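These notes are about the structure you will find just below.
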Amino acid sequence: MPEQPPQPPKQEQKKSIFGGKEQSSPNIIADISMQVNNVNRTVKTLEDKFSTLRKKAQVTEQNMLTNDKKIITDIKMINSEMMDLKTEINDMREKLMLLIKELKLSATKEEVKVLEKYVNYWEPLNFVTRQELEKMLSGKPLKR
């Protein structure tokens, strides 16, 4: 095979920054300008979304802090009420113990029955008063 004369190297097609085919100078500038504008719009949109998300996160965090403060206040109030209830229960317990002691000192049913028998036996309604006795001793008639 005869040798072939060397061929000039093939020119590779140059690509633009974003992978497109390189175009002539005025078209390249317009294309790059358009691509930069698209990138700027995309970045601006992403910045706006990020800003919105940051604001929502701040509002959420503020709400959580407010709710935490309210919950802590409620817990303190509940604890205070519980302490008051415990104090009242202890006071009631002490009063109940005093009442039980007093009831233990009172007379039983059997003791009351014994006293009733003695009272019935003595018949206090038939007792003479001091005035009646003095009248009887002085000799004056009794008025009843």
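FYI, it's all coordinate maths here, none of it is from the lab. Owing to the predicted nature of the structure, the values given are computational and were not obtained by experimental measurement. A quick note on method: Cβ atoms are made from the backbone with ideal geometry, for glycine too, and the neighbour counts reach across all protein chains shown.
For the pair residue 27 and residue 63 in one chain, pulling the backbone fully straight at 0.36 nm per residue adds 7.6 nm over the alpha carbon distance.
Dipole magnitude for the range 20-80: computed about the Cα centre from +1 point charges on Lys and Arg Cβ and -1 point charges on Asp and Glu Cβ, it is near 260 debye.
Convex hull volume of the C-alpha atoms in the range 20-80, normalised per residue: 54 Å³.
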